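A short write-up of the structure that comes next.
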Amino acid sequence: MRADLKTILRAIVDEIIKESDPYTCVREYVEKIPVLKNGDQIILVAIGKAAWRMAKAAKDSLKERIKTGIVVTKYGHSEGDIEGLQIYEAGHPIPDENSLIATKRILEVTSNLSEKDLVLFLVSGGGSSLFELPQDGICIEDIQKLTTQLLKSGASIVEINTVRKRLSKVKGGRFAQHVYPARIVSLVLSDVLGDRLDTIASGPAYPDSTTTEQVLEIIKRYNLKISKELMNLLLQETPKELPNVETYIVGNVQKACKVARDFLERLGLNVIVLTTQLSCEAREAGRFLAAIAKEIRNHDRPVKKPAAVIVGGETVVRVTSSGKGGRNQELALAFAVEVDGMDNLALCSFGTDGTDGPTDAAGGIVDGNTCEKIRKAGYSPQRLLDDNDSYTALKLADDLLVTGPTGTNVNDVVILIVE
Ligand SMILES: Nc1ncnc2c1ncn2[C@@H]1O[C@H](COP(=O)(O)OP(=O)(O)O)[C@@H](O)[C@H]1O
Ligand SMILES: O=C(O)[C@@H](CO)OP(=O)(O)O
Ligand SMILES: [Mg+2]
């Protein structure tokens, strides 16, 4: 007898979080990368919200082969000392003085290296703010102001990083230039759709594919206020080739969707992964997945029952009201409204970092009873959706998914089951 659908979905969430844990991802890879297997001494540098766990895994695997190392992560994201490594916490999403202190220390320990030296570079989302040193002629305040403008502008992370990498001594491949002629092996936990390696943490050790024309377009598109000093820097090109880098993606939303797929296939369901690059309005995605659920229910299309549909990516929400919620909670509520009263189906939508919007929920697990439970509590599901109040709605239905901060970030995953 199959467990009830919402129990299955919760079990898949726990499996994804376990398999996407930065520690697990790094340990898996360190042991199979040839250049890390020979006896060379290694200098470890870890940046981003997952830096502490990635560094711990590398240290546990490579032990005394790590000659020295620096970790810089977001305030509250380190979990204690790691023998032989210096650990810094700094500002995110806006860089601060501690970002500068940590970055200067990283540049010190990776200066004057020879071709015999090897830098193991552990990269995760948040690195742009944590690993930062302004180009000559500008100061951290200039970068703080521009970052704030960019974050508020509605620009995508690709556009944001296209601009800010040009103002930095370490972004856009410049860190790899700094360590040259030493080799740099990067292990990357991807929090960017499509795994654009020159966007993740602004690609400090990856050839930059962006152009100054794109920068000018972005400045115009978002009407950014740019000083003359900044403009001079923005028009300087970034490194397009780097002879000393080797890059591995150790975790991403593709891997998370594969974990879900394997789990569901083991249960005997027919599974499809529709996309891992979903990026549209959250409520429209919810409605679209409801239409897919109905198609499977009535016509066994695009997949025969018992069916599962998996989607990865990151939706957006234009918040126009004062409600409380997140993009995953909003997607789930929109789905619930469309499948109101239908049985033998359920959907889960969650952020793999464990926090969906400014809430303590990771997302929601809903089915055909969700709306009835909201109505029984005296509220209108549609009205709560219209008010961007998905947290309240799912809390009333006891359909919030709460995992707590997971320590990883490989975007969002949505799983639909139709029996
Ligand atoms: N009431 C709300 N309902 C739905 N989405 C919201 C609400 N408030 C904020 N958001 C969305 O939450 C997003 C931030 O979510 P968060 O999970 O913190 O982002 P990330 O994990 O990608 O850093 C914002 O971009 C905003 O669109
Ligand atoms: O550091 C960055 O540039 C981005 C993408 O990797 O991460 P976040 O959106 O968490 O700041
Ligand atoms: Mg989040």
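Before moving on, here are some points about what is shown:
- Sites E141 and Q86, calculated FRET efficiency, Cβ-Cβ separation with R0 22 Å, nearest 0.05: 0.25
- Modelled label positions at Y222 and I94, each set 7 Å beyond Cα in the direction of Cβ, lie 1.5 nm from each other.
- Amide proton proximity set for S168, modelled H, under 5 Å, gap of 5+: Q135
- Listed values for region 369-383 are Karplus-derived 3J(HN,Hα) couplings in whole Hz (6.51 cos²θ - 1.76 cosθ + 1.60, θ = phi - 60°), namely 9, 4, 5, 4, 5, 5, 5, 4, 7, x, 10, 9, x, 5, 4, and x replaces Gly and Pro.
- When the trypsin sites (Lys or Arg not before Pro) in region 9-75 are filtered for DSSP coil states and for at most 15 other beta-carbon atoms within 10 Å of their beta-carbon, the remaining sites are K32.
- If you plug the beta carbon distance of M342 and S321 into 1/(1 + (r/R0)^6) with R0 = 22 Å, you get a FRET efficiency near 0.20.
- Loop trypsin sites (Lys or Arg not before Pro), region 275-323 (other Cβ atoms within 10 Å of the site Cβ: 16 or fewer; DSSP): K304, R318
- Highest average first, the peptides 305-312, 228-235 ordered by how many other beta carbon atoms sit within 10 Å of their residues are 305-312, 228-235.
- Principal-axis tilt of helix 51-62 within the chain, Cα atoms, nearest 10 degrees: 70 degrees
- Dipole orientation for region 33-251: of the candidates Q214, G125, T103, Q214 has the Cα lying most toward the positive pole (charges on Cβ; Lys, Arg +1; Asp, Glu -1).
- Taking amide H atoms as placed 1.01 Å from N in the peptide plane, the amide H of T247 lies under 5 Å from those of S186, each 5 or more residues away in sequence or on another chain.
- Principal-axis tilt of helix 140-153 within the chain, Cα atoms, nearest 10 degrees: 20 degrees
- Rounded if a/c under 1.5, otherwise prolate or oblate - region 251-374, Cα gyration tensor axes: oblate
- The phi-based Karplus calculation (6.51 cos²θ - 1.76 cosθ + 1.60; θ = phi - 60°) puts the 3J(HN,Hα) values of region 93-104 at x, 9, x, 9, 4, 5, 4, 5, 4, 5, 5, 4 Hz, whole numbers, x for Gly and Pro.
- The charge dipole of the chain, taken about its Cα centre with unit charges on the Cβ atoms of Lys, Arg (+1), Asp and Glu (-1) only, comes to about 280 debye.
- Three-way shape label, the chain, alpha-carbon gyration tensor, a/c 1.5: prolate
- Within region 304-419: Cβ-based charge dipole about Cα centre, in debye rounded to nearest 20 (Lys, Arg +1; Asp, Glu -1): 100 debye
- Relative to the longest principal axis of the Cα atoms of the chain, helix 282-299 runs at roughly 50 degrees.
- Pairwise label distance in nanometres, S61 with K376, each label 7 Å out on the Cα-Cβ vector: 4.9 nm
- Think of it as helices only: each DSSP H run of n ≥ 4 in the chain is worth -39500 (n - 2.57), and spread over all residues that comes to -11500 deg cm²/dmol at 222 nm.
- Potential lengthening of the chain between H299 and I272 amounts to 8.1 nm, from the contour at 0.36 nm per residue minus the alpha-carbon distance.
- Proximal lysines to K169, defined as alpha-carbon separation beneath 19 angstrom and excluding residues fewer than eight positions away on the same chain: K104, K145, K228, K240
- Restraint check, K6/K324; K18/K116; K305/K395; K18/K49; K49/K258, Cα-Cα greater than 26 Å: K18/K116; K305/K395
- The dipole here belongs to region 33-251: it is taken about the Cα centre, uses +1 on the Cβ of Lys and Arg and -1 on the Cβ of Asp and Glu, and is about 180 debye.
- Annotation: amide H of T73 within the under-5 Å range of Y88, E89, A90, sequence separation 5 or more or interchain, hydrogens built in the peptide plane.
- Computed from the Cβ-Cβ distance with R0 of 25 Å, the FRET efficiency linking E246 to A11 stands at 0.10.
Throughout, read-outs are computed from the coordinates displayed, never taken from laboratory work. Quick caveat, the model's predicted, so the values are computed rather than measured. We place every Cβ from the backbone using ideal geometry, glycine too, and count neighbours over all the protein chains shown.
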